[in-house]
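Q: Would you mind keeping the following structure in view while I ask a few things?
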Amino acid sequence: MEIEILENAGALVNCSRCGIVCQIAQTANKEARPLKHAAKEGCCVACALTGFLKLELEIEHLLPPGTDISEALKMPHIQQQFGRVFIAGQSDVTLDQINWERVTSNWDLPVVLKRRGRRS
Ligand SMILES: [Zn+2]
């Protein structure tokens, strides 16, 4: 794990997707995958998770057709699965930092996240 000290720690920035005010974290794990703390600008935790779910995990293809994704994401056993993914991926985020209500209420906002590197 390679921890990066963030120069702008404590600065307030707006989430580039939903606009909520966020504070730059003190540190980021360079190898965090998914969900690494942003150094300058980026998304709030809820929007970053949404981007991961939509673009990288392609969650709509993992669930049975017709599944209400918002309802699925409110289920504790589904959320626990993500908690395990965060631990395995050395994520900067823990399950208790996720505001699932915010994830689902903003689900339909466009996702315009930069991809980090190539998918493998
Ligand atoms: Zn956001």
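Q: Relative to the longest principal axis of the C-alpha atoms of the chain, give the angle of the C-alpha long axis of helix 76-88, reported between 0 and 90° and rounded to the nearest 10°.
A: Taking the Cα atoms of the chain, the angle to 76-88 is about 40 degrees.
Q: Each label point is 7 Å from the Cα along the Cα-to-Cβ direction; what then is the distance between the points at Met1 and Cys18, in nm?
A: 2.6
Q: Still on this structure: At most 14 other Cβ atoms within 10 Å plus a DSSP loop assignment makes a site exposed; report the longest stretch of the chain without any exposed trypsin sites (Lys or Arg not before Pro).
A: Longest stretch, sites excluded: 75-113.
Q: Counting pairwise Cα distances across the chain, what percent come out greater than 22 angstrom?
A: Summing the P(r) of the chain above 22 Å gives 32 percent of all pairs.
Q: When you count, for each residue, the other Cβ atoms within 10 Å and take the mean per peptide, how do 87-95, 6-14 rank with the highest first?
A: Going by the mean number of other Cβ atoms within 10 Å, highest first, we get 87-95, 6-14.
Q: Right, next: Find, among the GluC sites (Glu not before Pro) in region 34-120, those assigned to loop by DSSP (not H, G, I, E, B) with at most 12 other beta-carbon atoms within 10 angstrom.
A: Hits after loop and neighbour filter: Glu58.
Q: Add -39500 (n - 2.57) for each DSSP H run of 4 or more in the chain, then divide by its residues: what number comes out at 222 nm, to the nearest 500 deg cm²/dmol?
A: -7500 deg cm²/dmol
Q: For Asp96, Asp108, what ranking results if the residue with the fewest other Cβ atoms within 10 Å of its Cβ goes first?
A: Starting with the residue having the fewest Cβ neighbours, the order is Asp96, Asp108.
None of the figures in this text is laboratory data; all of them are computed from the coordinates on show. Bear in mind the structure is a predicted one, so any value in this text is a computation, not a measurement. Counting neighbours? That spans all protein chains shown, and the Cβs are built from the backbone with ideal geometry, glycine included.
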